[in-house]
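Colleague: Structure provided below as C-alpha cells; questions to follow.
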Amino acid sequence: MNPVMSPAAVAQSLTEYWSPRVVAEVDDSYVKVAKVKGTLAWHAHDDEDELFFILKGSLKIEMESGTVELKEGQSFVVPKGVRHNPIAEEECHLMLIERKSTLHTGSEVTEKTRSLQEQLRPV
C-alpha cells in the first residue's frame, strides 16, 4: 500500500524552483509536485497532455492562442502538441499529472530542464 502524503507539504519542502518531483504513480502517469518562480521555457509535449493544478499561489500559462491564469485550487490541461510557457510572478506550488513518457521541457533543453531520473529522486 502507498503511504499517505500531502502534495502541498511536499511542494513546500522543495528547495529548487522548476525541479518537479514524482510523488505517486497512477497507471501510466506520474503525479508530480513542484515549486516554481519566474519563467520555465517555451516548449510542447507532442504526444502527451499535461495537467496543472495550483496548490498555492498563481500561475500563468502562455500559449500561442492566449494566456491562461490559474489561481489556487484551479487546474488546466495543456493539450498535447500545444506550445506553452509557464510563468509564476511569485512563488507558486503546483501538482502535475503527466504520462510517464512526458519530457520535462519537451524537445527543448535549457538549464532548467530536469531528467526523469532527477524527478524520481526521493524528497
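Readers should treat all values here as calculations from the given coordinates under stated rules, not as data from a laboratory. Predicted model only: the values in this text are computed from it and were never measured. So basically every Cβ, Gly included, is an ideal-geometry build from the backbone, and we count neighbours across all protein chains shown.
Colleague: Taking the stretch 95-118, which residues are acidic (Asp, Glu) and outside any loop (DSSP other than H, G, I, E, B)?
Modeller: Selection gives Glu98, Glu118.
Colleague: In the list Lys71, Lys60, Lys35, Lys80, which residue meets the criterion of being of a type in the set (Lys, Arg) and out of contact with any strand residue (DSSP E or B) (no Cβ under 7 Å at 6 or more places or on another chain)?
Modeller: That would be Lys80, the only listed residue that is of a type in the set (Lys, Arg) and out of contact with any strand residue (DSSP E or B) (no Cβ under 7 Å at 6 or more places or on another chain).
Colleague: Kindly evaluate Val82 against the criterion of being more than 26 Å from Met5 (Cα to Cα), of a type in the set (A, V, I, L, M, F, W, C), out of contact with any Gly (no Cβ under 8 Å at 6 or more places or on another chain) and in a loop (DSSP other than H, G, I, E, B).
Modeller: It is true that Val82 is more than 26 Å from Met5 (Cα to Cα), of a type in the set (A, V, I, L, M, F, W, C), out of contact with any Gly (no Cβ under 8 Å at 6 or more places or on another chain) and in a loop (DSSP other than H, G, I, E, B).
Colleague: Also: Being over 13 Å from the mean Cα position of the chain (by Cα) and among the hydroxyl-bearing types (Ser, Thr, Tyr): is that true of Thr102 here?
Modeller: no
Colleague: Name the residue that is surrounded by the fewest Cβ atoms within 10 Å (Cβ to Cβ), counting only residues in the stretch 21-72 that are over 30 Å from Asn2 (Cβ atoms) and either of a type in the set (S, T, N, Q) or without any contact (Cβ under 8 Å) to a residue 24 or more places away in the chain (or both).
Modeller: Gly66
Colleague: Then there is this: Would you please list the contacts, defined by Cβ atoms under 6 Å and residues six or more apart or on different chains, that run from a residue in the stretch 1-20 that is in contact (Cβ under 8 Å) with a residue 12 or more places away in the chain to a residue that is part of a loop (DSSP other than H, G, I, E, B) and basic (Lys, Arg)?
Modeller: Note: pairs meeting the criteria are Trp18/Lys112; Ser19/Arg114.
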